[in-house]
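The values are calculated or read from the model by the stated rules, or taken from the named source; none is laboratory data. Owing to the predicted nature of the structure, the values given are computational and were not obtained by experimental measurement. With ideal geometry, Cβ positions are generated from the backbone for all residues, glycine too; neighbour counts draw on all protein chains shown. The accessibility values were calculated without ligands, DNA or RNA, using every heavy atom of the protein model including side chains. Shrake-Rupley method; radii C 1.70, N 1.55, O 1.52, S 1.80 Å.
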Amino acid sequence: MTVYGALEGGGTKMVLAIVGEDGAIREKTALPTRTPEETLPEMIRFFRQAPIAALGIGCFGPLDLDPASSSYGHITFTPKLAWREFPILSAFREALGVPVGLDTDVNGAALAEGRLGAARGLGSCLYVTVGTGVGGGLLLGGKPVHGLLHPEIGHIPVSPVPGDPLSRGVCPYHKHCLEGMASGPAIERRWGSPARDLGEEHPAWDLEAKYLAQLCATAMLAFSPEKIILGGGVMQKKFLFPAIRRETLALLNGYLTHPVLAAGLGEYIVEPGLGTESGILGAWLLAVEAARAQERA
Ligand code: ADP
Ligand code: ZN
C-alpha cells in the first residue's frame, strides 16, 4: 500500500507522521523545533524509514506560496530567526526525492476539516486556531486560499472592547489586532495568570468571546464560509462557543439572513471535527495532492 509523509511544522514542535492512503496514521512522532541545521536531518531520517510516495507540509509562516516567485517554498519573514528564508520545500524535495506539497499549517487544517472533518461535504470553511498565536486557514471552492500572499486573519484589526484592562495587545506589530488581544499570551498578560487557570465565571471570557466574535462576523461578511471551525488551546474552554455565537449574532445585528443564523449559529461556529489531528491530516492531504500533481505532469 502507498504511504505518504506528513509534517506539521510548528514554532515549538514538528509533528511527523507516516500515513496510509486511507488516512490511517501508521507512525507519528514529535521533535522540538530547534534550528534547521539541527532539526532538518532528524526529520529526514524519520521520513526515510518508509517508502513515502510524497510529502505534505503544513507549516508556520509566513510562507512564499507563489510558484512564480524566486523564493517560492521558503519560510519568509518569520520572527523565528533561524528559519527565516529557509527553503523548506526544496530542502525536503532534494533530500527525499519525492513530490512535496506545502501550505500554511492552518490552510492544511482547513483542507482536512473541509474534506474529512466538521465541514466535510462543503466546499468552504474557515479554520482558526486560538493558541500561542491566532492563525486562520481559508478553504473556498474546495481549495485553500492563496492570493497576493496567504490570509493572515490572526492579525485583523479589532475594536478594543470598552473596559478592557489591556490597553495595548501583545502583538509587536499592532496595537489592537486579534492575536494581540485574544491569544493565550494576551489573556495571560491581561489577567496575570495562564488562560488555562481562569474559571468560567472569570471576566476574561466575556472579553475573549467579544474579540473572537469580531473575527467571526468579519469572516462571514468578507468570505461567507459555510462553516467556522475554532480550535487551539484556548478553545479548550468549551463554554466560549455559545458566548462567541451570541456575540457574533449581536455584531451582525440581523443584517445576514440564513437558517444557520436563525438557528443561533450552533451548527455554524463549531469545534474541529478531527480533534487535534486536523493539522497532520491536512499535511497528508497536501502530500496526496502533490503525488497526483506529479502523475498529471
Ligand atoms: P500552540 O498555539 O503553541 O501550537 P496551543 O494551541 O495548545 O499551542 O496553545 C497554547 C495556548 O493555549 C497557551 O497560551 C495556553 O495558555 C492556552 N491553553 C492551553 N490549554 C488551555 C485551556 N485548557 N484553556 C485555556 N487556554 C489554554
Ligand atoms: Zn498583529
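Could you list all residues from the stretch 63-85 that are open to solvent by less than 40 Å² (accessible area, probe 1.4 Å), under 16 Å from Glu152 (Cα atoms) and part of a loop (DSSP other than H, G, I, E, B)?
Asp64, Leu65, Thr76, Thr78
Filter the stretch 29-38 down to residues that are away from ligand 1 (no atom under 16 Å from the Cβ) and outside any loop (DSSP other than H, G, I, E, B) and give me whichever is farthest from Thr78 (Cα to Cα).
Thr29
Thr33 fails exactly one of the following numbered conditions: (1) open to solvent by 50 Å² or more (accessible area, probe 1.4 Å); (2) under 25 Å from Phe86 (Cα atoms); (3) hydroxyl-bearing (Ser, Thr, Tyr). What is the number of that condition?
(1)
Is it true that Val106 is assigned to a strand (DSSP E or B) and in contact with a strand residue (DSSP E or B) (Cβ under 8 Å, 6 or more places away or on another chain)?
No, not satisfied.
Condition first: farther than 14 Å from Pro62 by Cβ and among the small types (Gly, Ala, Ser). Now tell me which residues in the stretch 138-164 satisfy that.
Gly141, Gly142, Ser159, Gly163
What is the residue count in the stretch 187-232 for residues that are among the acidic types (Asp, Glu) and either away from ligand 1 (no atom under 16 Å from the Cβ) or crowded, with 21+ Cβ neighbours inside 10 Å (or both)? So that I can check it myself, show each step before the final result.
From the stretch 187-232, those among the acidic types (Asp, Glu) are 188, 197, 200-201, 206, 208, 226; that's our starting set.
Imposing the further condition that a residue be either away from ligand 1 (no atom under 16 Å from the Cβ) or crowded, with 21+ Cβ neighbours inside 10 Å (or both) reduces the set to 208, 226.
Going through the stretch 187-232 one residue at a time, the tally reaches 2.
Only one residue in Leu149, Leu198, Leu140 is more than 18 Å from Pro79 (Cα to Cα), of a type in the set (A, V, I, L, M) and out of contact with any Ser or Thr (no Cβ under 7 Å at 6 or more places or on another chain), so which one is that?
Unique residue meeting the criteria: Leu198.
Could you tell me which of the residues Ala186, Ala182, Ala217 is closer than 20 Å to Pro272 by Cα, assigned by TED's automatic domain parsing to the domain that holds Asp164 and out of contact with any strand residue (DSSP E or B) (no Cβ under 8 Å at 6 or more places or on another chain)? Give the steps one after another, and end with the answer.
Values: Ala186 fails: closer than 20 Å to Pro272 by Cα; Ala182 fails: out of contact with any strand residue (DSSP E or B) (no Cβ under 8 Å at 6 or more places or on another chain).
Step by step, each of Ala186, Ala182, Ala217 is checked, and only Ala217 is closer than 20 Å to Pro272 by Cα, assigned by TED's automatic domain parsing to the domain that holds Asp164 and out of contact with any strand residue (DSSP E or B) (no Cβ under 8 Å at 6 or more places or on another chain).
Taking the condition under 19 Å from the mean Cα position of the chain (by Cα) and among the β-branched types (Val, Ile, Thr), does Thr76 pass?
Details: under 19 Å from the mean Cα position of the chain (by Cα): yes; among the β-branched types (Val, Ile, Thr): yes.
Criteria met by Thr76.
Residue by residue through the stretch 10-27, note down the ones that are within 16 Å of ligand 1 (Cβ to nearest atom) and open to solvent by 50 Å² or more (accessible area, probe 1.4 Å).
Correct list: Thr12, Lys13.
When you go through Gly135, Gly114, Gly121 one by one, which is the residue that is modelled with pLDDT of 95 or more, open to solvent by 10 Å² or more (accessible area, probe 1.4 Å) and more than 20 Å from Leu63 (Cα to Cα)?
After applying the criteria, what remains is Gly121.
Could you tell me which residue of the stretch 167-186 is nearest to ligand 2 (Cβ to nearest atom), considering only residues that are crowded, with 17+ Cβ neighbours inside 10 Å and more than 20 Å from Met235 (Cα to Cα)?
Per the criteria, the residue is His174.
For the stretch 248-275, which residues satisfy the criterion of being open to solvent by less than 50 Å² (accessible area, probe 1.4 Å) and in a helix (DSSP H, G or I)?
Thr248, Leu252, Val260, Leu261
Within the stretch 126-143, is even one residue assigned to a loop (DSSP other than H, G, I, E, B) and free of Cβ contacts under 8 Å to residues at least 24 places away in the same chain?
Let us first name the residues in the stretch 126-143 that are assigned to a loop (DSSP other than H, G, I, E, B), namely 131-133, 141-142.
Still in the running and free of Cβ contacts under 8 Å to residues at least 24 places away in the same chain: 141.
Within the stretch 126-143, one or more residues are assigned to a loop (DSSP other than H, G, I, E, B) and free of Cβ contacts under 8 Å to residues at least 24 places away in the same chain.
May I ask you to list the residues in the stretch 159-181 that are under 18 Å from the mean Cα position of the chain (by Cα) and within 11 Å of ligand 1 (Cβ to nearest atom)?
Across the stretch 159-181, the qualifying residue is only Glu179.
Report yes if some residue within the stretch 28-40 is under 17 Å from Gly282 (Cβ atoms), touching a strand residue (DSSP E or B) at 6+ places or on another chain (Cβ under 7 Å) and among the basic types (Lys, Arg); otherwise report no. Working first, answer last.
Step one: filter the stretch 28-40 for residues under 17 Å from Gly282 (Cβ atoms), giving 28, 30.
Pick out the ones that are also touching a strand residue (DSSP E or B) at 6+ places or on another chain (Cβ under 7 Å) and you get 28, 30.
Still in the running and among the basic types (Lys, Arg): 28.
Looking for residues that are under 17 Å from Gly282 (Cβ atoms), touching a strand residue (DSSP E or B) at 6+ places or on another chain (Cβ under 7 Å) and among the basic types (Lys, Arg), one finds at least one in the stretch 28-40, hence yes.
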